[in-house]
Structures are given as structure tokens and as C-alpha cells.
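The values are calculated or read from the model by the stated rules, or taken from the named source; none is laboratory data. The structure displayed is predicted, hence computed values, not measured ones. Positions of Cβ are backbone-derived with ideal geometry, glycine not excepted, and every protein chain shown enters the neighbour counts.
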Amino acid sequence: MKLLVPEGESTGELEDRRSRFIAHFVPIGIFEARLADLRAEHRKANHFVTAFRHFDESGHIAESAKDDGEPAGTSGMPCLKVLTGANIIEAGVIVVRYFGGTKLGGGGLSRAYSGATTLAIDAANLRPFVRQAKKVVHATFEEMGELEKRLAVAGVAIEDRRFTETGVSLAVSGEEGVLESLGD
């Protein structure tokens with residue numbers, strides 16, 4: 001199973017019996033800030049349904065789905081199922097709903113929320129997820145220049161340098177597989 005992450009925000013909009021469903025598909029790093037912005041921007045909206053998936057500190061997938069006042073299980077969970085089915089990670093969706101005056105029923109709500117989420121994902125630029133890691137590598141003064149060249153070519157970022165009597169310790173971050181190949 002190849003996991004995918006969005007490169008930026010995308011939107012999808014669906015209308016059903018005059019109710020508008022505007023889905024905002026966003027990277028997890030901006031999810032909470034974007035939710036606050038959307039609440040301020042869409043003051044007259046009736047619901048802000050959310051769902052997200054990301055890796056927690058222990059490396060397990062953490063998921064959440066909130067219905068925001070819609071009948072239980074008719075909105076947040078269908079959005080989460082779309083994220084799961086599309087193999088999305090490190091991202092979430094916020095669906096802003098403007099009520100159009102006609103009740104859609106449980107099935108209608110599920111179809112509308114999942115449909116808007118699907119449209120937002122379809123509009124996104126997705127890339128494969130690559131797990132990032134951090135590591136400390138050591139080198140003598142003589143090896144330092146060559147090590148820094150290897151790190152740059154591999155796309156590894158140097159976060160911190162600590163000089164010792166015998167050489168340098170570099171705190172680095174990058175793709176997990178690349179860091180494993182560096183050794184200590």
C-alpha cells in the first residue's frame with residue numbers, strides 16, 4: 001500500500017438540494033490553522049465537518065472524524081473513509097456546509113460529504129509519502145567536508161553542528177531510508 005500526501009491545499013464543491021458542501025483538503029501541518037481561518041471566513045456556515053489521518057509520535061496512524069452537529073456517523077466518518085480509501089496520510093479535510101433548507105437524510109448527507117471530499121482529493125497534487133527521520137552522525141575533522149558533500153547530494157538537511165576535540169557531530173534530518181544508509 002503506497003501512502004500519499006498532498007503537496008498543498010485543494011478544494012472540491014458539491015451542491016445537493018441547495019445545500020453547499022465545500023471541502024478543503026489540506027496537509028496536516030496547517031489543518032488546525034486552516035480550520036480556524038475557515039470558521040472566520042464562513043461565519044454563516046452551519047457545519048464544519050472534519051476528518052484527518054497522520055502518524056503519531058509512536059509511528060501509528062492516528063485518525064479522527066467529527067460531525068460538528070450533523071447526525072452521528074453521517075458526515076465525519078464518510079469523509080475519513082474517503083481519506084483511508086485513497087491511501088491519504090498526513091492530511092485532513094474540512095467540509096464547510098451551508099444548509100439549503102431541505103433535510104438530506106443520513107444517506108444523502110453521507111453521499112454529499114464523501115462526494116465533496118472525493119472532489120477535493122481529485123483536485124489535489126499528491127505525492128508518495130516518505131517517512132522522515134532525524135539522526136546524529138559523527139566525523140573526524142578530515143572526514144567532515146566529504147560527509148557534508150554526501151549529505152547534500154542525498155538531500156539530507158544539517159540541523160545542528162557540534163564540534164568536539166576529535167571532530168564534529170551533525171544532527172541531520174531527511175528520508176528515513178537515506179539516513180539509515182549513512183551509518184554513524
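Within the range 153-175, residues that are within 10 Å of Ala139 (Cβ to Cβ) and in the same structural domain as Val137 (by TED's automatic domain parsing) reach partners that are part of a strand (DSSP E or B) and aliphatic (A, V, I, L, M) with beta carbons closer than 6 Å, at six or more positions or on different chains, in the pairs Gly167/Ala139; Val168/Ala139; Ser169/Val136; Leu170/Val137; Leu170/Ile158. Listed by position, the strands (runs of 3 or more DSSP E) enclosed by the range 1-66 that each have at least 1 residues that are among the hydrophobic types (A, V, I, L, M, F, W, C), modelled with pLDDT of 90 or more and under 11 Å from the mean Cα position of the chain (by Cα) are 19-27, 47-55.
Residue check: Gly92 meets all listed conditions (1) out of contact with any Leu (no Cβ under 8 Å at 6 or more places or on another chain); (2) within 21 Å of Ile30 (Cβ to Cβ) but one, namely (1).
Check the range 170-178 and report whether any residue there is acidic (Asp, Glu) and assigned to a helix (DSSP H, G or I). Yes, because at least one residue in the range 170-178 is acidic (Asp, Glu) and assigned to a helix (DSSP H, G or I). With the structure loaded, tell me whether Lys66 is exposed (fewer than 13 other Cβ atoms within 10 Å of the Cβ) and over 22 Å from Leu3 (Cα atoms) or whether it fails that test. Criteria not met by Lys66. Based on what the data block shows, is Arg111 basic (Lys, Arg), closer than 19 Å to Glu15 by Cβ and over 22 Å from the mean Cα position of the chain (by Cα)? Answer is yes for this residue. For the range 76-122, the set of residues classified as farther than 28 Å from Gly174 by Cα and not in a helix (DSSP H, G or I) consists of Ile94, Val95, Val96, Arg97, Tyr98, Phe99, Gly100, Gly101, Thr102, Lys103, Leu104, listed by residue number.
Among the residues of the range 22-36, is there at least one that is over 30 Å from Ala133 (Cα atoms), loosely packed, with under 14 Cβ neighbours inside 10 Å, out of contact with any strand residue (DSSP E or B) (no Cβ under 9 Å at 6 or more places or on another chain) and aliphatic (A, V, I, L, M)? Within the range 22-36, not a single residue is over 30 Å from Ala133 (Cα atoms), loosely packed, with under 14 Cβ neighbours inside 10 Å, out of contact with any strand residue (DSSP E or B) (no Cβ under 9 Å at 6 or more places or on another chain) and aliphatic (A, V, I, L, M). Within the option set Glu159, Glu146, being surrounded by fewer than 16 Cβ atoms within 10 Å (Cβ to Cβ) and within 26 Å of the chain's Cα centre (by Cα) holds for one residue only, Glu159.
Quick check, is Lys44 surrounded by fewer than 17 Cβ atoms within 10 Å (Cβ to Cβ) and charged (D, E, K, R)? Here the answer is yes, as Lys44 does meet what is asked.
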